[in-house]
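Student: First, the structure itself, so that you have it in front of you.
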Amino acid sequence: MPSIENAILAVVTQHPKEVSGGLPVFIVQDDAAAQRVAGSLSHILDAMVHDLQNGTLILVRH
Amino acid sequence: MNPAPAFDVRAFVVGLAAGVIARYLMLRIDYRQYPGYPHGYVSHITHGFLAAGLGAIAWPALISKELSAFTFLALAATQFRDIRRMEREALGLQEQTELVKRGVDYIEGIAKVFEARNYLVMFIAAVSSVVAHQWGLLPGVIAPAAAYLATVHLARGRQIGRIARVKPAKVSFDGPLLKVGNIGLMNIGLEADRKVVLEHGLGAVLQPITPDARRTLADVGQRQAILHDVATVLGLRKDVDTVAFTPLARRDLETGEVGFVVVVEEPDFEVLAEVVRAVPLLESARSRAAHLLQRVRRQGERLGPRP
């Protein structure tokens, strides 16, 4: 089975209504919390954090 | 009928010595290609020894009609068929554990060079033994020296320094976007990572000198080779789980410049520039397209059929 690359593994957002679809979503209240949660997730998932600049961070497996 | 002359041991030994010495000298030309130091050295010298033996034995065996030597030759020759494949596989396995991979093109280039060097050694040893047999000891030493200089000069690959200038460039962030000079590289979401890149990152831009240089720098395999060599020499401040510090090289589509940022243990731009200039130009990246263009445009050559 071929592996999927560049897939979004998780989302960390302050605006949950702007994200939908079968993804693990973590809702946070502010930027500092977003950075903390995303940081932890990136080490756990071996994933890269990207900032969509709309209050949402995504974690991608490259 | 005259009896065949005795096997010229002296010529054989001169040829063998010439080949092995040549192989040793070739090792020192480019240390970067040999991962298994010192085990890699042993392997390469041994292969060189075999190749030199094959080359040096040919003429003396032929003259003295020692045909059994030829069966030995044929047997040993089969060992060389797979040298390129063996080297490619060994390097390929090693890729799994590299923080910055070499890339398929670079590996193929190394494997080809390894194969070519063994054949060169055979050639030098053969020349030496022929000359030593016909004209004596001294010419037998001079001939391989000349052959070595000629082949090494001809076979020396070109390097990046010939086709591009290496300039320092400013590392900056536009929001989460890492930029080197004007070139956007990657989106780094974590503030902590951005801080590290600003503090420890070295930014460089490669300016192509000719239109052909543009195409060579555009080649992904070539860029990957540059990043690998820089990371290997300067030491990457990264681990297997910090994906953000993997160096990426990106092109400016207008100017053809290629920029990258490396987060290094030893921040020294002069060393970085020297390493980049010394990166070999990969054969797969050389622009055959440019040659074809020239043939069609300037010489009006027709490449394809007409109905």
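The values are calculated or read from the model by the stated rules, or taken from the named source; none is laboratory data. What you see is a predicted model; the values in this text were computed from it and never measured. Glycine also receives a Cβ, built like all others from the backbone with ideal geometry; neighbour counts cover every protein chain displayed.
Student: Do any residues in the stretch A:30-42 that are under 14 Å from A:LEU9 (Cα atoms) have Cβ atoms under 7 Å from those of residues that are at pLDDT 95 or above and surrounded by fewer than 20 Cβ atoms within 10 Å (Cβ to Cβ), where the two are at least six apart or on different chains, and which pairs are they?
Tutor: Pairs found: A:VAL37/A:PHE26; A:VAL37/A:VAL28.
Student: Can you tell which of A:LEU9, A:LEU57 is within 9 Å of another protein chain (Cβ to nearest Cβ), on the phi < 0 side of the Ramachandran plot and assigned to a strand (DSSP E or B)?
Tutor: Going through A:LEU9, A:LEU57 in turn, the sole match is A:LEU57.
Student: Can you pull out the residues in the stretch B:181-195 that are charged (D, E, K, R) and within 11 Å of chain A (Cβ to nearest Cβ)?
Tutor: B:GLU191, B:ASP193, B:ARG194 - these are the residues of the stretch B:181-195 that are charged (D, E, K, R) and within 11 Å of chain A (Cβ to nearest Cβ).
Student: Ok, one more. Name the residue that is nearest to the other protein chains (Cβ to nearest Cβ), counting only residues in the stretch B:214-248 that are part of a helix (DSSP H, G or I) and over 17 Å from the mean Cα position of the chain (by Cα).
Tutor: B:VAL243
Student: Taking the condition closer than 24 Å to B:LEU99 by Cβ and within 12 Å of chain B (Cβ to nearest Cβ), does A:ALA38 pass?
Tutor: Details: closer than 24 Å to B:LEU99 by Cβ: yes; within 12 Å of chain B (Cβ to nearest Cβ): yes.
Criteria met by A:ALA38.
Student: In the list B:VAL271, B:VAL276, B:VAL263, B:VAL220, which residue meets the criterion of being in contact with a Lys or Arg (Cβ under 9 Å, 6 or more places away or on another chain) and among the hydrophobic types (A, V, I, L, M, F, W, C)?
Tutor: The unique qualifying residue is B:VAL263.
Student: Just to be sure before I move on: is B:ASP174 farther than 30 Å from B:PRO5 by Cβ, among the charged types (D, E, K, R), within 14 Å of another protein chain (Cβ to nearest Cβ) and in contact with a Phe, Trp or Tyr (Cβ under 9 Å, 6 or more places away or on another chain) in the structure I sent?
Tutor: The answer is no for B:ASP174.
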